[in-house]
Amino acid sequence: TVGMYEALTDVQPELEALFSGDGARGFFAGEVSSTVEQLGSTLRHTIEEFGHAIHGEASRKAVHGGEIHPMTRYVLNYSGLLADSHGTLDVVLGDAGLDDADEASTDGGAASTPSARCIRELLTLLLRKMNEKSRLYDDAGLQNIFLMNNLYYVVQKVRESPPLRELLGDDWLRRHRGQIRQYEAAYLRASWMAVL
């Protein structure tokens, strides 16, 4: 949908220029604008549904050995694609973006654009879901391994993607690297308690 939106808005002036009469040009301009608006609405709806899908994911099977959950990979790939089109996303989301203004103001250096707020919200939903999924493990050590693996994957993907890193900011990265260290400490505590 993003690609179609970008393509149509890019050629919109040239398409309108093809018609010479005011009536035909006005009619065609209205049709193109209507189509662009429908594509924007579809994109907003798709992102909203994606957030609902993350929130509603209800599989009850723990990932073997606390490895990275498939949903983590999927959400990061999707977020990367959104970040690559952040200019278009800012136009489409405008003020209709997911409301995350409080977190945006605390992320020094991070963009507080609609696309940045949208991606932060999607990643927040993902990390909450991974926290839920960690409870599928009976062993506290394995819970923390799972959380550490998934968050480490998220942080690495954000660090490796210039658009994601720019949108989320270095403070976001620092905060989540700190959370990885907390999971590591919790894992060590849980593991050594059993030994002791």
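Worth pointing out:
- Principal-axis tilt of helix 2-17 within the chain, Cα atoms, nearest 10 degrees: 10 degrees
- Solvent exposure of the chain amounts to 55 Å² per residue of accessible area, where only protein heavy atoms count and the probe is 1.4 Å.
- Our estimate of slack between residue 38 and residue 19, defined as 0.36 nm per intervening residue step minus the Cα-Cα distance, is 4.6 nm.
- Helix 70-84 axis, angle to the chain major axis (alpha carbon atoms, nearest 10°): 40 degrees
- Estimated distance in nm for a label pair at residue 177 and residue 140, the labels positioned 7 Å out from Cα along Cα-to-Cβ: 2.8 nm
- Note on exposure: 22, 138, 171 ranked by accessible area (1.4 Å probe, complete protein assembly) read 138, 22, 171, with the most exposed listed first.
- Cα centre as origin, Lys/Arg/Asp/Glu Cβ charges: the chain dipole, Debye: 1220 debye
- Surface share of carbon and sulfur [accessible, 1.4 angstrom probe, percent] for the chain: 54 percent
The values are calculated or read from the model by the stated rules, or taken from the named source; none is laboratory data. This one's a predicted model, so the numbers in the text were calculated from it and none came from an experiment. Note that we place each Cβ from the backbone using ideal geometry, even for glycine, and neighbour counts take in every protein chain shown. Accessible surface areas use protein heavy atoms only, side chains included; no ligands, DNA or RNA. Shrake-Rupley method; radii C 1.70, N 1.55, O 1.52, S 1.80 Å.
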